[in-house]
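Engineer: Next up is a structure, given as structure tokens.
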Amino acid sequence: MPLIALTGGIASGKSTIAARLAERGAVVIDADAIVRDVQTVGSPVLARIAETFGERMLRPDGSLDRAALGAVVFGDGDRLAELNAIVHPAVRAESQRRFREAADADPRGVVVYDVPLLAEARASDPWDLVVVAHAPADVRVERLISRRGMSEADARARIAAQASDDERLRIADVVIDTDGPLSRTETQTDELWERLTARS
């Protein structure tokens with residue numbers, strides 16, 4: 001079972017690639033969804049977040065106030081490291097469980113782990129292939145402004161807070177350029193799928 005890591009910076013087109021691979025038959029496991037799952041009400045992770053960062057991180061219904069937590073850790077490397085030390089082990093354990101579940105269901109299937117923070121947290125994991133969605137920073141800034149309504153300053157801050165393009169490209173086995181038309185991204189993704197299915 002090929003285990004593929006798919007990563008890319010914010011607004012890089014990673015989700016478009018993941019969706020295309022899912023259409024072709026890949027099992028896509030979303031790291032962001034796992035993060036949300038391990039932080040649900042009553043979870044040990046959420047309890048530790050509240051203990052470490054204060055009860056004000058919780059909404060009245062007991063769920064995580066992501067905006068409040070983001071305001072505390074964004075731009076503060078030490079606090080972000082504290083948060084990552086709580087969240088990352090749980091995400092790693094749950095992702096491994098889902099990988100095993102997918103392998104048991106179809107030993108010849110292709111599993112794609114859609115993971116934004118690969119370069120920051122999991123580059124050394126034993127992936128069969130690392131795929132990077134890549135578009136220049138200026139293109140991604142424009143996407144964040146036009147599609148998500150961010151200011152240019154906020155968009156550039158979000159991009160600067162992640163791993164650099166060079167850091168992601170250094171770990172890439174395959175780079176899919178997403179700065180052209182959608183059809184070009186889809187063609188590159190289809191070529192990747194042919195490669196993956198030939199291997200499996």
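The values are calculated or read from the model by the stated rules, or taken from the named source; none is laboratory data. Bear in mind the structure is a predicted one, so any value in this text is a computation, not a measurement. All Cβ positions, even for glycine, are placed from backbone atoms using ideal geometry, and neighbour counts span all protein chains on display.
Engineer: Every residue in region 1-42 that is without any contact (Cβ under 8 Å) to a residue 40 or more places away in the chain and among the polar types (S, T, N, Q), please.
Structural biologist: Scanning region 1-42 gives a single hit, Thr40.
Engineer: Right, here's the next one. Can you give me the ranges of the strands (runs of 3 or more DSSP E) entirely in region 92-200 with at least 1 residues that are surrounded by fewer than 18 Cβ atoms within 10 Å (Cβ to Cβ)?
Structural biologist: The qualifying strands (runs of 3 or more DSSP E) are 174-177.
Engineer: Moving to a separate point now. Looking at Arg98, Arg36, Arg108, which is the one that is in contact with a Ser or Thr (Cβ under 7 Å, 6 or more places away or on another chain) and closer than 29 Å to Thr178 by Cβ?
Structural biologist: Arg108
Engineer: Report, by residue number, each residue of region 53-63 that is within 15 Å of Glu82 (Cβ to Cβ) and under 24 Å from the mean Cα position of the chain (by Cα).
Structural biologist: Scanning region 53-63 gives Phe53, Met57.
Engineer: In addition: If I ask for residues that are out of contact with any Ser or Thr (no Cβ under 9 Å at 6 or more places or on another chain) and farther than 22 Å from Arg156 by Cα, which ones from region 60-83 would you list?
Structural biologist: Pro60, Asp61, Gly62, Asp65
Engineer: Checking the structure you have, find out if any residue of region 77-85 is without any contact (Cβ under 8 Å) to a residue 24 or more places away in the chain, among the acidic types (Asp, Glu) and either closer than 23 Å to Ala160 by Cα or assigned to a helix (DSSP H, G or I) (or both).
Structural biologist: Yes: region 77-85 contains one or more residues that are without any contact (Cβ under 8 Å) to a residue 24 or more places away in the chain, among the acidic types (Asp, Glu) and either closer than 23 Å to Ala160 by Cα or assigned to a helix (DSSP H, G or I) (or both).
Engineer: Determine, yes or no, whether Ala90 is in contact with a strand residue (DSSP E or B) (Cβ under 8 Å, 6 or more places away or on another chain) and in contact (Cβ under 8 Å) with a residue 40 or more places away in the chain.
Structural biologist: Criteria not met by Ala90.
Engineer: Take the conditions at pLDDT 95 or above and surrounded by 14 or more Cβ atoms within 10 Å (Cβ to Cβ) and apply them to Leu58. Does it pass?
Structural biologist: yes
Engineer: On to the next question. Check Gly109, Gly149, Gly180 and return the single one that is at positive phi and of a type in the set (Gly, Ala, Ser).
Structural biologist: Gly149
Engineer: Hey, another quick one. Going through region 142-177 one residue at a time, which ones are among the small types (Gly, Ala, Ser) and closer than 22 Å to Val115 by Cβ?
Structural biologist: Hits for region 142-177 are Ala155, Ala157, Ala160, Ala161, Ala163, Ser164, Ala172.
Engineer: Looking for something under 29 Å from Asp165 (Cβ atoms), at pLDDT 95 or above, of a type in the set (Ser, Thr, Tyr) and surrounded by 12 or more Cβ atoms within 10 Å (Cβ to Cβ) - is there at least one such residue anywhere in region 27-50?
Structural biologist: no
Engineer: Given the residues Ala11, Ala5, Ala68, which is the only one that is surrounded by 13 or more Cβ atoms within 10 Å (Cβ to Cβ) and assigned to a helix (DSSP H, G or I)?
Structural biologist: Checking each option against the conditions leaves just Ala68.
Engineer: Then there's this: Tell me whether region 184-194 contains one or more residues that are in contact with a helix residue (DSSP H, G or I) (Cβ under 9 Å, 6 or more places away or on another chain), farther than 17 Å from Ala18 by Cα and either in contact (Cβ under 8 Å) with a residue 12 or more places away in the chain or of a type in the set (A, V, I, L, M, F, W, C) (or both).
Structural biologist: So far as region 184-194 goes, no, none of its residues is in contact with a helix residue (DSSP H, G or I) (Cβ under 9 Å, 6 or more places away or on another chain), farther than 17 Å from Ala18 by Cα and either in contact (Cβ under 8 Å) with a residue 12 or more places away in the chain or of a type in the set (A, V, I, L, M, F, W, C) (or both).
Engineer: Counting just the residues of region 32-65 that are assigned to a helix (DSSP H, G or I) and β-branched (Val, Ile, Thr), which one comes out farthest from Lys14 (Cα to Cα)?
Structural biologist: Among those that are assigned to a helix (DSSP H, G or I) and β-branched (Val, Ile, Thr), it is Thr52.
Engineer: Can you tell me how many residues in region 4-30 are hydrophobic (A, V, I, L, M, F, W, C) and over 15 Å from Trp193 (Cβ atoms)?
Structural biologist: 4
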